[in-house]
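Accompanying notes for the structure given below.
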Amino acid sequence: MSAVLPCAASRKAGCAGSRLPCSPPSPLPLPTPPRTQRALALGFGSVTVKLKGAGSNKQVAVQSLHAAGLRIRTLMDVTPIPYNGCRQPKRRRV
């Protein structure tokens, strides 16, 4: 069993909600360098990446990890998918 050592979120890099400078156009490349620098400093050569959320920013994040020198061993999309959606409103009685 392995431990998760380098873990960071975009909120740690100062990106919260739609605040600038992270909102246009893709917020993920900014927090990636501290994550990759820490992973490389700890001796990681290959990583397992779990992506969550919708949009095209996931591809940008994977490309920036690969460009930084990390080999991506496994790529998983862990976005939650609703099985039946939200509860429907009650029908109108006339």
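Overview of values
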| quantity | calculated |
| --- | --- |
| Index of the failed condition, G45 passing every other in (1) at pLDDT 60 or above; (2) exposed (fewer than 10 other Cβ atoms within 10 Å of the Cβ) | (2) |
| Criterion violated by L30 - all others in (1) within 16 Å of the chain's Cα centre (by Cα); (2) at pLDDT 80 or above; (3) in a loop (DSSP other than H, G, I, E, B) satisfied | (2) |
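The values are calculated or read from the model by the stated rules, or taken from the named source; none is laboratory data. A quick note: this is a predicted structure, and the numbers were derived from the prediction, not measured. Positions of Cβ are backbone-derived with ideal geometry, glycine not excepted, and every protein chain shown enters the neighbour counts.
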